[in-house]
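Engineer: Questions regarding the structure given below will be posed in turn.
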Amino acid sequence: MSEDSLSELLTLPASARADLAIALWESLSDDERDSALSVDLAFLEELDRRWAEHLANPESAVPWESLLRKLRG
């Protein structure tokens, strides 16, 4: 895809861009999705570790809104 084509698509209204994204996603076969979105084993292990940590201590979770306030200072 040329940069001009992409630039033109990015000027579409948000709803049209969302529809296009969904259509593109749904055009992929399961095999294409799996191969294009392969996840590193170390990343999966880290996700598992964090999930186990959360299950062991759910009170340590920080609400998203609180985190955003902290980041925005």
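Engineer: Go through the residues of the stretch 42-51 one by one and say whether even a single one is in a helix (DSSP H, G or I), at pLDDT 95 or above and closer than 30 Å to L9 by Cα.
Structural biologist: no
Engineer: Out of all the residues in the stretch 12-22, is one or more at pLDDT below 95 and among the aliphatic types (A, V, I, L, M)?
Structural biologist: Going through the stretch 12-22, the residues at pLDDT below 95 turn out to be none.
The answer is no, given that none of the residues of the stretch 12-22 is at pLDDT below 95 and among the aliphatic types (A, V, I, L, M).
Engineer: Can I ask one more? Evaluate the following for D34: is it of a type outside the set (S, T, Y) and surrounded by 10 or more Cβ atoms within 10 Å (Cβ to Cβ)? Full working, then the answer.
Structural biologist: Values: of a type outside the set (S, T, Y): yes; surrounded by 10 or more Cβ atoms within 10 Å (Cβ to Cβ): yes.
In short, yes.
The values are calculated or read from the model by the stated rules, or taken from the named source; none is laboratory data. It should be emphasised that the depicted structure is a prediction, and the values quoted were computed from it without experimental measurement. We place every Cβ from the backbone using ideal geometry, glycine too, and count neighbours over all the protein chains shown.
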